Amino acid sequence: MKNTDLDWNDLKYFLAVAREGGLSAAALKLGGSASTVSRHISALENRLGVKLFLRQQTGYLLTDQGTSILMRVTEVENAMLTVERNGDQLQSVDEVSGLIRLAAAESLASYLIMPHMPEFLALYPKMQVELLVGALPANLARREADVALRYGDSIVVDNNQDYITHFVGYVHFAPYCQKSLLADLSAEQDPWKTLPIIELSDCWAYLPMVKWLKQITQNRAPLIKGNTLHTQYVAVRCGLGITLLPEYVGDIDDMLVKLDAPSVVPSRELWLVYHRDLKASQRVLAMKDFLIKLLAKVLDSKV
């Protein structure tokens with residue numbers, strides 16, 4: 001192995017390819033191009049004098065040397081991330097500044113958090129906010145986000161001992177339809193048997209409220225399926241049928257009416273999560289305190 005200085009930039013590309021299994025996936029992760037990733041991998045292999053990956057049609061596989069280096073580079077990455085996480089802990093409350101990255105589900109980000117961002121930024125005018133919206137939980141250890149709002153089931157799946165978690169409330173769901181759609185029904189017509197159903201796609205079939213809706217409708221074929229809550233929301237506002245929405249979405253829309261549910265609709269626990277190394281970060285504390293106060297007004301602390 002050649003004895004030469006390494007470029008940390010090359011090591012970041014190496015980590016991405018090792019974790020994602022290919023150039024295209026790594027490029028997508030890093031926000032670059034596959035050719036750029038390939039160039040950094042080649043440069044690193046030339047500096048080290050070893051082959052780090054086996055290039056196959058199915059992707060990039062680590063060689064024995066690559067596996068050995070991955071373990072060491074991961075330790076270096078963790079050390080650097082710890083330094084980054086601790087970097088703003090000496091700020092005073094009056095001087096809180098910089099970027100805070102908040103990860104949340106689409107519905108939380110769009111309908112709960114974003115409408116209240118003016119309030120947060122008025123309190124902390126030197127801060128900037130990046131909202132990271134996605135179905136998969138952000139890896140807080142790798143600084144994909146500083147703070148995250150997560151449902152209870154994803155907390156159980158992750159179960160990272162380096163994360164600090166705060167329960168912030170229950171997200172309650174209820175059935176809704178367009179007011180005019182309900183007004184067109186006669187007194188004898190049961191909306192649950194008469195109106196079409198709007199469901200989440202099968203990829204969300206494990207969620208308790210999705211199972212509840214299927215049970216209540218006796219697995220009646222839905223008119224519309226969508227893989228995001230926003231799709232369901234738009235569909236129900238267009239008068240396409242009945243769907244389940246978080247009450248913080250459905251209750252404030254004058255076009256919708258909440259239907260009587262035949263039984264209790266399952267709720268979901270919501271948790272605020274951040275990395276243990278950030279427990280003294282003024283940026284994280286500012287966002288944490290703001291979200292806890294905001295969500296206490298909107299969500300229930302009991303099922």
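Read the figures in this text as sums done on the coordinates, not as results from a lab. These numbers come from a predicted model, not from an experiment. Positions of Cβ are generated from backbone atoms using ideal geometry, with glycine treated the same way; all protein chains shown enter the neighbour counts.
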Would you mind checking which residues have amide H under 5 Å from residue 129's amide H? H placed 1.01 Å from N; only 5 or more apart, or other chain.
-> 100
How many nm is it between the label spots at residue 71 and residue 164, if each spot is 7 Å from the Cα in line with the beta carbon?
-> 3.3 nm
What is the Å³ per residue value for the convex hull set by the Cα atoms of the chain?
-> 164 Å³
Let me know the Kirkwood hydrodynamic radius for region 206-303, please, with Cα pairs as the basis and the value in Å to one decimal.
-> 16.2 Å
Distance from region 162-181 to region 213-243 (C-alpha centre basis), Å | 16 Å
Inverse of <1/r> over all distinct C-alpha pairs of region 109-252, i.e. the Kirkwood Rh in Å, gives 17.7 Å
Convex hull over the alpha-carbon atoms of region 170-218: what's its volume per residue in Å³?
-> 100 Å³
Entries in 12/51; 126/288; 179/211 that, when Cα-Cα distance is taken, lie over 21 Å = 179/211
From the backbone phi of region 186-194, what are the Karplus-calculated ³J(HN,Hα) couplings (6.51 cos²θ - 1.76 cosθ + 1.60, θ = phi - 60°) in whole Hz, Gly and Pro given as x?
-> 7, 4, 7, 7, 8, x, 5, 9, 9
